[in-house]
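Asks: One structure follows; several queries about it will come next.
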Amino acid sequence: MASIGFLDPLTYSHRCGATIVSNKYLMTAAHCVQDLVESNGSSFRQLEQVFVAVVGTNDLNSVYFSGSSENSQIYEIDSITIHPSYSNTTDPEDIAVLTVTEQIVFNSNTSAVQLPDSTDPSVIFGKNVTILGWGQTETGTPSNYLLKARMTVLNSLPQQTECQGFDKEHYCIRDLGGDNSNACFGDSGGPLIYKQNEWVQYGITSFVFADMFQQCDNTKPSFFAMVPLLLPWLDEQRVL
């Protein structure tokens, strides 16, 4: 798991989640970085801020240029490649690949994600899954600590009527366990994972429903790009 955002000499500002695909590439949601590509071309610096990926830590409280969080590593992002079919947040191709300027060092806290070995998204229909992120909580502010929630994939279940048709090309998930958990702003780009022999990433956090006050509605589903359907494009990018 990685956080991507802007770093300056004094502060770090989390933007979205991401996952490590290999020691040079990360994967996130296209909507997390679309504005950077459109406004900056090949440069992702904003004044004194540098666009980076933070890996190796669950705690974003003390991330600076020096990497002051004991286990964190910070890598500058060199390039962004967005899926060519993506245009807005509800598109099923909500995926982008980020290239870092130097190879990510793997250790006990930092490793590449396991991806599905099949392009069949139905493997997790109706299953319990886990989502991760530093997104907005019920207080209305992002979490500095990585949070996780156990959710259920509604695709193929009677509750899929709640998905308003988006379940045809997205994973549609909701908390059926009564904890009132959900994805929210800032969780975008992070993973939906499912435990097989090991944890496998099947989804990328894409979009949620919000009320008029921009509070995420935990009574409604959230939606995730289907990684199995995007494996051919990832393979074309030669990141696998």
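The values are calculated or read from the model by the stated rules, or taken from the named source; none is laboratory data. Quick caveat: nothing in here was measured; it's all calculated off a predicted structure. Ideal geometry is used to build each Cβ from the backbone, glycine not excepted, and the neighbour counts take in all protein chains shown.
Asks: Quick check on region 159-193: of everything there that is out of contact with any strand residue (DSSP E or B) (no Cβ under 7 Å at 6 or more places or on another chain) and small (Gly, Ala, Ser), which residue is modelled with the highest pLDDT?
Replies: The residue in question is Gly165.
Asks: A follow-up question, please. Is it the case that Asn88 is modelled with pLDDT under 90 and either of a type in the set (Ser, Thr, Tyr) or out of contact with any helix residue (DSSP H, G or I) (no Cβ under 6 Å at 6 or more places or on another chain) (or both)? I'd like the intermediate steps shown before the answer.
Replies: Numbers: modelled with pLDDT under 90: no; either of a type in the set (Ser, Thr, Tyr) or out of contact with any helix residue (DSSP H, G or I) (no Cβ under 6 Å at 6 or more places or on another chain) (or both): yes.
For Asn88, the condition - modelled with pLDDT under 90 and either of a type in the set (Ser, Thr, Tyr) or out of contact with any helix residue (DSSP H, G or I) (no Cβ under 6 Å at 6 or more places or on another chain) (or both) - is not met.
Asks: In region 179-202, what count of residues is obtained for those that are surrounded by 23 or more Cβ atoms within 10 Å (Cβ to Cβ) and part of a loop (DSSP other than H, G, I, E, B)?
Replies: Of the residues in region 179-202, 8 are surrounded by 23 or more Cβ atoms within 10 Å (Cβ to Cβ) and part of a loop (DSSP other than H, G, I, E, B).
Asks: Quick test for you: out of Thr99, Thr152, pick the one residue that is assigned to a strand (DSSP E or B), hydroxyl-bearing (Ser, Thr, Tyr) and closer than 19 Å to Thr28 by Cβ. Give the derivation first.
Replies: Working: Thr152 fails: closer than 19 Å to Thr28 by Cβ.
Going through Thr99, Thr152 in turn, the sole match is Thr99.
Asks: Does region 203-240 hold any residues that are closer than 16 Å to Leu26 by Cβ, assigned to a loop (DSSP other than H, G, I, E, B) and among the hydroxyl-bearing types (Ser, Thr, Tyr), and which are they?
Replies: none
Asks: Here's something else I'd like to know. Report whether or not Glu162 is among the charged types (D, E, K, R) and surrounded by 14 or more Cβ atoms within 10 Å (Cβ to Cβ).
Replies: yes
Asks: Continuing with this model, one more query. Counting just the residues of region 80-105 that are touching a Lys or Arg at 6+ places or on another chain (Cβ under 9 Å) and not hydrophobic (A, V, I, L, M, F, W, C), which one comes out nearest to Cys184 (Cα to Cα)? Don't jump to the end; show me each part of the working.
Replies: Residues of region 80-105 touching a Lys or Arg at 6+ places or on another chain (Cβ under 9 Å): 92, 99-100, 102-104.
Filter again for not hydrophobic (A, V, I, L, M, F, W, C), leaving 92, 99, 102-103.
Values: Pro92: 18, Thr99: 25, Glu102: 31, Gln103: 30 Å.
Checking each candidate, the answer is Pro92.
Asks: From the list Leu176, Leu115, Leu132, which one is assigned to a loop (DSSP other than H, G, I, E, B), within 18 Å of the chain's Cα centre (by Cα) and not acidic (Asp, Glu)?
Replies: Numbers: Leu176 fails: within 18 Å of the chain's Cα centre (by Cα); Leu132 fails: assigned to a loop (DSSP other than H, G, I, E, B).
Answer to the check: Leu115.
Asks: Among the residues of region 167-178, count how many are touching a Ser or Thr at 6+ places or on another chain (Cβ under 7 Å), crowded, with 18+ Cβ neighbours inside 10 Å and not charged (D, E, K, R). Don't jump to the end; show me each part of the working.
Replies: Taking region 167-178 and keeping what is touching a Ser or Thr at 6+ places or on another chain (Cβ under 7 Å), we get 170, 173-176.
With crowded, with 18+ Cβ neighbours inside 10 Å added as a condition, the list becomes 170, 173-175.
Next, only the ones that are not charged (D, E, K, R) stay: 170, 173.
Qualifying residue count for the region: 2.
Asks: Something else about it: Conditions first: (1) at negative phi; (2) at pLDDT below 95. Ile124 passes all but one, so which condition is the exception?
Replies: Going through (1) at negative phi; (2) at pLDDT below 95 one by one, Ile124 breaks only (2).
Asks: Further question on the same structure: Counting just the residues of region 2-32 that are modelled with pLDDT under 95 and part of a loop (DSSP other than H, G, I, E, B), which one comes out surrounded by the most Cβ atoms within 10 Å (Cβ to Cβ)?
Replies: Asp8
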